[in-house]
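The values are calculated or read from the model by the stated rules, or taken from the named source; none is laboratory data. Every value quoted in this text rests on a predicted model; they were computed, and no experiment measured them. Note: ideal-geometry Cβ built from the backbone for every residue, glycine included; neighbour counts use all protein chains shown. We work out accessible area using only protein heavy atoms, side chains counted, and drop any ligands, DNA or RNA first. Shrake-Rupley method; radii C 1.70, N 1.55, O 1.52, S 1.80 Å.
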Amino acid sequence: MKHIMSFGILASTVLAFASPVLAQTVFVSTQLRPIEEATVVREELLKDIGPVDYVVEEPPQFAVRMEAERQAGKHTVSLLGALHGELSPLADKDTLEPLDDLAKKLATSGMPQSLLDLGKLGKSTQQYIPWMQATYVMAAKKEALQYLPDGADVNALNYDQLIEWGKNMQEATGQPQIGFPAGPKGLMARYFQGYFYPSFTGGVVRTFQSADAAAGWEKLKALWAYVTPNSTSYDFMQEPLAAGEVMVAWDHIARLKNAISAAPDDYVVFPAPAGPKGRGYMPVVAGLAIPKGAPDKAGAEKIIEHLSMPETQLLTASKVGFFPTLNVKLPPDLDAGVALLAGAVTATQASKDAVISLLPVGLGDKGGEFNKVYMDSFQRIVLQNEPVADVLKIQGATMAKLMTDTKAACWAPDAKSDGPCPVE
């Protein structure tokens, strides 16, 4: 589905294709969407589990589809795979089956209670089972390390050091050597929400138009002088890294994996830089849920149990670069590139100055509009050089209206709110 259909059109589509008996368990996922990853799911992760129709959906279409099925009262989907924040609005509408028995079983298998508690989505019953987790890191060709500023520790960089590193590489090579996934399907919005804003302001929404934010944007403009202009066309950073177009990049671990696994001896992987408020990072938890009215609840539970087995979780890590939610030791023969990524994830989580930023919660189908506020600000401030204060005032008003319209309360690292999260 390339365009978001209206509820009416989609509801009629759902009804038209619904049948009393489905030959396959329909598994709809917003995760592992790229064709290479989806192929791994279909041919390896779900191998021998029975007939499963693995369907990928962009997050906005996912929200529309599930709302259409809810309104129509006719269900074709038996299993959902989505991010914490994408499942939260479904739980708010009481449309997910409680999974307490599965959660108890997995707790005894080594799934941390803290992760399981996250899967309750603030309710008394288990709303989803944590499926896999990931985050975002930086990767560099080893040849770039010779240009690091004196005294800089690649595992504990700050923004001033990253800027100086970029300057040194550009002077030595004649080309900007830092890259970001700022293309149409890149995850640059998550950089702003999970890394840039928490590092410079200690918040995401409350602090959107603060003086700290303005100072951060000025720093990003300074960094962008050493970022390749091609970044606005990059969706995945593994390709430009592997092609030698850049020496240093930030991206989701799954979107760096192919380059690093292909030549693990050529790379170092490390946490994103710290700002004045700390080292922002965004843990990404994807969950498995069963919608109420699912045509094949038993089949969905069977798939959840299969995907939660230690061997399947390790296969997931090896093949697509998402890490286990079970407490399982990574094997010594694990793909060397995945091991490098795992080390960077551990280093990020263990950073003394870490500032955790959760994925947005409570925005429903407005997540794309939330991302657009940050991307529009980036376009106008960094790429078009518009005055920072003017842009933040305009975009801050858009952000405030979005929070009011969705009634979304604040999430970490912003302080909790009674009612919609304010832009202060």
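Data for the structure
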| read-out | value |
| --- | --- |
| In segment 121-146, the residues that are open to solvent by less than 10 Å² (accessible area, probe 1.4 Å), polar (S, T, N, Q) and closer than 30 Å to residue 238 by Cα | 135 |
| Pair list, Cβ < 9 Å and 6+ apart or interchain, from segment 65-79 residues that are open to solvent by 50 Å² or more (accessible area, probe 1.4 Å) to residues that are modelled with pLDDT of 95 or more and of a type in the set (A, V, I, L, M, F, W, C) | 75/294 |
| When residues of segment 53-64 are limited to those that are farther than 16 Å from residue 360 by Cβ and of a type in the set (D, E, K, R), the one surrounded by the most Cβ atoms within 10 Å (Cβ to Cβ) | 57 |
| Residues within segment 147-167 that are without any contact (Cβ under 8 Å) to a residue 60 or more places away in the chain and either buried (at least 22 other Cβ atoms within 10 Å of the Cβ) or in a loop (DSSP other than H, G, I, E, B) (or both), tallied | 6 |
| Total residues in segment 275-295, condition over 19 Å from the mean Cα position of the chain (by Cα), open to solvent by 10 Å² or more (accessible area, probe 1.4 Å) and on the phi < 0 side of the Ramachandran plot | 6 |
| Inter-residue pairs, beta-carbon under 7 Å, first open to solvent by 50 Å² or more (accessible area, probe 1.4 Å) and in segment 37-52, second of a type in the set (Ser, Thr, Tyr), 6+ apart | 42/54; 51/25 |
| Residue match in segment 108-120 (condition: assigned to a helix (DSSP H, G or I), in contact (Cβ under 8 Å) with a residue 12 or more places away in the chain, open to solvent by 30 Å² or more (accessible area, probe 1.4 Å) and closer than 30 Å to residue 312 by Cβ) | yes |
| Residue match in segment 382-401 (condition: under 18 Å from residue 188 (Cα atoms) and of a type in the set (Gly, Ala, Ser)) | no |
| Output for segment 355-384, where each listed residue is under 18 Å from residue 414 (Cβ atoms) and at pLDDT below 90 | 356, 358, 359, 360, 361, 362, 363, 366, 367 |
| Within segment 168-276, helices (runs of 4 or more DSSP H) holding 1 or more residues that are modelled with pLDDT under 95 and closer than 18 Å to residue 341 by Cβ | 257-262 |
| Residue tally, condition on the phi < 0 side of the Ramachandran plot, open to solvent by 30 Å² or more (accessible area, probe 1.4 Å) and in contact (Cβ under 8 Å) with a residue 40 or more places away in the chain, over segment 85-104 | 3 |
| Filter result (open to solvent by 40 Å² or more (accessible area, probe 1.4 Å) and either acidic (Asp, Glu) or modelled with pLDDT of 90 or more (or both)) within segment 340-351 | 340 |
| Residue match in segment 180-191 (condition: closer than 20 Å to residue 154 by Cα and either in contact with a strand residue (DSSP E or B) (Cβ under 9 Å, 6 or more places away or on another chain) or of a type in the set (S, T, N, Q) (or both)) | yes |
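Here's the yes/no breakdown for (1) among the hydrophobic types (A, V, I, L, M, F, W, C); (2) open to solvent by 60 Å² or more (accessible area, probe 1.4 Å):
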| site | (1), (2) |
| --- | --- |
| 314 | yes, no |
| 323 | yes, no |
| 334 | yes, no |
| 338 | yes, no |
| 365 | no, yes |
| 386 | no, no |
| 403 | yes, no |
| 423 | yes, no |
